[in-house]
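Everything on this sheet refers to the single structure shown next.
The values are calculated or read from the model by the stated rules, or taken from the named source; none is laboratory data. Just so it is clear, the model here is predicted, and its values are computed rather than measured. Using ideal geometry, Cβ is built from the backbone for each residue, glycine included, and neighbour counts are taken over all protein chains shown.
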Amino acid sequence: MNNEVNQELISQQAAKFVARLYSGELSPEEEKQIYAWCERRPEHQHEFDTMLALWDTSGQLYQTPKSPHKSPRGYWFMGMAASFVCALLAVWFLAVPQPNALYQLANERQTQYETAIGEISTVGLPDGSAVTLNTDSAINIDFSGVQRRIWLIRGEAFFDVAKDPTRVFSINTGEKTIRVIGTKFNVRKSEQTLKVSVTEGLVAVQPSARPSDDQIEFDKAETLLAAGSIGAFNGTSEVIAKVTSKEVLAHQQWRQGVFRFDNEPLSKVITEFNRYRLKKITLRNTDLGKLKISGVFKLKDGDSILSALEAALPVEVERYPNYIELTAKN
């Protein structure tokens, strides 16, 4: 009887939390309360996930406005709710490897994992670490030696590294090598820039041409990033910024399938969306790219982002067989 009563109370609390999340009025204190409750017991997280699934399938989330005069602020509040929901789901998402979306190729010593455009997948590594790959990303791993070695071939990945002081965990990105013994951090590699944002622990960054010892002397590291730091590397130049935990997490919201923009140029927003799309979005003229937009959008909502842009900005969407074009609204 007591178990049934406890389960009913857990279900009721989970339902209340989910309803609050989708109200668009969640405070930072309430967000922390929900995080703590979900982490307290596995049953809490399980029931919370169940309530989220029920709500999401009910079709109440992210409704396209019936009138073009609806205030863009409505999208902001609905998006904020979605963002917090997805942040909580990350606990489950990272804990359960999802290899089905990954293509695995093996050679004599290395194993490669890669994602296609639009895929986000998590893979468990032999040492208990986990790597979450963003869209169109690829890594090679080799744990056969005294070090745990990974090569980031392209794209972006979040690393949750199991602590092992006896075996360095290194990531070769081409020009730079990142070395840790146990931490959580995000790495994004583009043609021009390497960006590293650290959630937990210490991360040492050095030129890949420099020999790597079997141990890390953090006090002698060429570049050392602590939790709450973001480092951007471009050739021989680097910029290190100490930021808030909120800003660090903002660079990692892709793991929950979420985009968040704060007064960003439309051109930047479109560039980010196109990373996940086969059918790209284009702008008819460069002036449209200067328009500013704020909001939170979910990847799984697909083309509903286009409806949001039409409602929030003076643009119209024109669809063609191979691409989508945004034009100025007449």
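Structure notes:
- Scanning the stretch 276-299 for residues that are under 13 Å from the mean Cα position of the chain (by Cα) and of a type in the set (D, E, K, R) returns a single hit, K298.
- Within the stretch 309-319, if we keep just the residues that are in contact with a Ser or Thr (Cβ under 9 Å, 6 or more places away or on another chain) and over 16 Å from P265 (Cβ atoms), the residue that is surrounded by the fewest Cβ atoms within 10 Å (Cβ to Cβ) turns out to be E318.
Each row is one residue, and each column tells you yes or no for (1) surrounded by fewer than 19 Cβ atoms within 10 Å (Cβ to Cβ); (2) assigned to a strand (DSSP E or B).
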| residue | (1), (2) |
| --- | --- |
| I153 | yes, yes |
| A162 | yes, no |
| I178 | no, yes |
| F185 | no, yes |
| R188 | no, yes |
| K195 | yes, yes |
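- Search result, residues across the stretch 131-168 that are among the hydrophobic types (A, V, I, L, M, F, W, C), more than 14 Å from the chain's Cα centre (by Cα) and within 19 Å of T183 (Cα to Cα): I139, I141, F143, V146, I150, W151, L152, V161, A162, V168
- Subset of the stretch 7-33 [modelled with pLDDT under 80 and either within 15 Å of L54 (Cβ to Cβ) or part of a helix (DSSP H, G or I) (or both)]: V18, A19, R20, L21, Y22, P28, E29, E30, E31, K32
- Qualifying residue in the stretch 187-194 (condition: within 30 Å of N274 (Cα to Cα) and out of contact with any strand residue (DSSP E or B) (no Cβ under 8 Å at 6 or more places or on another chain)): yes
- Scanning the stretch 34-48 for residues that are aromatic (F, W, Y) and either outside any helix (DSSP H, G or I) or in contact with a Phe, Trp or Tyr (Cβ under 9 Å, 6 or more places away or on another chain) (or both) gives W37, F48.
- Subset tally (residues that are β-branched (V, I, T) and closer than 22 Å to L21 by Cβ) for the stretch 281-330: 2
- The set of residues from the stretch 202-228 being over 14 Å from K242 (Cα atoms) and at pLDDT 85 or above comprises A204, V205, Q206, P207.
- Taking residues in the stretch 9-25 that are buried (at least 16 other Cβ atoms within 10 Å of the Cβ), and partners anywhere that are of a type in the set (F, W, Y) and modelled with pLDDT of 75 or more, the pairs with Cβ atoms closer than 6 Å and at least 6 places apart or on different chains are A14/F48.
- Sole residue being at pLDDT below 90, buried (at least 20 other Cβ atoms within 10 Å of the Cβ) and among the small types (G, A, S), chosen from G295, G235, G257: G295
- Yes/no for D142 being acidic (D, E), touching a residue at least 24 places away in the same chain (Cβ under 8 Å) and either under 23 Å from L249 (Cα atoms) or not assigned by TED's automatic domain parsing to the domain that holds A116 (or both): no
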